[in-house]
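Please read the structure below before turning to the comments.
Throughout, read-outs are computed from the coordinates displayed, never taken from laboratory work. Small disclaimer: the values here were computed from a predicted structure and weren't measured. Glycine also receives a Cβ, built like all others from the backbone with ideal geometry; neighbour counts cover every protein chain displayed.
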Amino acid sequence: MKPERLKTRVLLWFGLVLSVVVLLFGLGVGYLFERNVTGSIHDRLTRTALELENRLVSGTPVETLLTHAAAQHHTVAIFRSGKLLGATQDFPAALLSNPARIAPFRLSDEGETLHAILRHPFAHPFVGSTVLAQVGINDKIEDLVDTMLFLLPLLVLVLIYLGSRLVDRILTPIHAITHAAERINIQHLSTAIPLPEKDDELRALVEAFNAMIRRLDAGREQIERFNSDVSHELRTPLTIIRGEVELALRRPRTADEYQMTLTTVSREIHRMQALIDTLLLLVEYAHSDAAMVRSEVEIDTLLSDVLARYEGLLHTKQIDIDREEIEPTRRPANAELLSVVFSNLIDNAIKYSPEGSTLHLALSSRDNRARFVIEDEGIGIPADHIPRLTDRFYRVEHSRSKTTPGFGLGLSLVQTIVELHHGTLTITSEVGKGTRVEIII
Ligand code: ATP
Ligand code: MG
């Protein structure tokens, strides 16, 4: 929508409503004013007529009455049984012929100015007699009408002009938002729209807009990091596969040699597959716990199932599992993700522990929370690395971990899953003594 069109529409509606309101107001004022003025004139004429009647009753001659009325700026005519007894000099001749025809009170604008005329029939003993009293209404009503006819349209125009300035003021920040939004693209997501000075709805809009841009920017950064990490991590297995295959193709090989090449290729393909699966899980569930399916999970059973998969490895490394503190525990959770947590923590503990050591596991539930602890007697983690362990692709650069297979993705995935369950992950470790990981969900 073009702002100009919005402004035109607002002003059109504003002008229309304003005109109607002003018109009704003018009519109302005019009506009240006229009623007021005519009411007071009616009273005045009635008083004069009654006075004339009283004086006539008390025997004052008609001529004296006429002089008296004229002195009060009234023009009067007195009739008896339809016949004119007398009239002040300037009484309009047209009204003299048939007084009975004249309405009891009316306004007449015959001639130059507006006049009010009252017909007042006399009571006893002058029944049948009438006085017509007329007075010029000073120009108040006409003045008012003229003034309003001039002033009200002027008022409408002034208000429309002020309204137009107001709309301009309201639209200025919107123009700024539009221009800023036009400059924003995927490469320049960090451009924030300047905040309007006043703390009002527009400021809230700009703030919401900027927050959205920041979220998009964070999302874009995540995607870029994801892309570079993935391509970086896939480069190594692909280089290995390519080297192996090219070497094998250089000349004819024995069946054993082909077997060895294919074994290497297969191992690297598995590595890539595992990497991609892990990355996809992370992307799928990161920031969307709404999509996560939960059900009541027997966590101790789930833990045993995961441990069973590591039986072979535990046996080879002669690592003992201390299960004494595992209690039956039920919690609503996502079983699939929870098993990813267990397998990663167990995998780490086995990977970074020496042969013949013991793994201590504890599982319990208290206050509607499940608590899982895994403690190994392995190489441990230097304290300054601990805060970064849950970063994606982060691996501690000690000699063991360089030669130990892994992507540095396990703990990042664990952290994401624990967050999806609104839980906490705590890692404590001492180099050379062992590592303890505690999870509460
Ligand atoms: P991946 O889990 O992706 O196969 P990884 O095990 O190296 O690779 P993480 O599980 O994220 O990655 O662990 C990050 C780093 O933390 C590891 O490289 C290792 O240096 C250190 N670490 C994790 N668990 C332990 C542990 N139990 N003992 C000692 N070091 C550990
Ligand atoms: Mg790991």
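Taking Cα centre as origin and charging only the Cβ of basic (Lys, Arg, +1) and acidic (Asp, Glu, -1) residues, the dipole magnitude of the chain rounds to 1460 debye. Please give the helix 255-285 orientation as an angle from the longest Cα principal axis of the chain, in degrees from 0 to 90, rounded to the nearest 10. Helix 255-285 sits roughly 30 degrees off the main axis of the chain. Working note: 222 nm ellipticity from helices only, DSSP H runs with n ≥ 4, each -39,500 (n - 2.57), summed and divided by the residues of the chain, gives -19000 deg cm²/dmol to the nearest 500.
In terms of Cα atoms, the Rg and Dmax of segment 6-146 work out to 21.0, 79 Å.
Relative to the compact-globule scaling 2.2 N^0.38 Å, provide the ratio for the alpha-carbon radius of gyration of the chain.
2.28
According to the Cα-based calculation, Rg over Rh for segment 180-289 is 1.32, with Rh computed by the Kirkwood formula. Pairs of Lys residues in the chain that lie 8 or more places apart, or on two chains, and have C-alpha atoms under 27 angstrom apart add up to 8. Each of the peptides 117-126, 407-416, 432-441 was scored by the mean count of other Cβ atoms within 10 Å over its residues; in descending order, highest first, they stand as 407-416, 432-441, 117-126. Here the Karplus relation 6.51 cos²θ - 1.76 cosθ + 1.60, evaluated at θ = phi - 60°, turns the backbone of segment 324-329 into coupling constants of 4, 8, 8, 10, x, 9 Hz, with x for every Gly and Pro. Taking only Cα atoms, what is the 0 to 90° angle, nearest 10, from helix 201-249's long axis to the longest principal axis of the chain? The two axes meet at around 20 degrees. Annotation note: trypsin sites (Lys or Arg not before Pro) in segment 144-232 located in DSSP loop regions with a Cβ neighbour count of at most 16 within 10 Å are LYS198. With R₀ set to 45 Å, the beta-carbon distance separating THR301 from LEU216 gives a calculated FRET efficiency near 0.60. Backbone amide hydrogens, once placed in the peptide plane, bring SER129 within less than 5 Å of SER81, PHE122, excluding anything fewer than 5 places away on its chain. The protection proxy used here, the mean number of other Cβ atoms lying within 10 Å of each residue, ranks peptides 70-79, 172-181 as follows, highest first: 70-79, 172-181.
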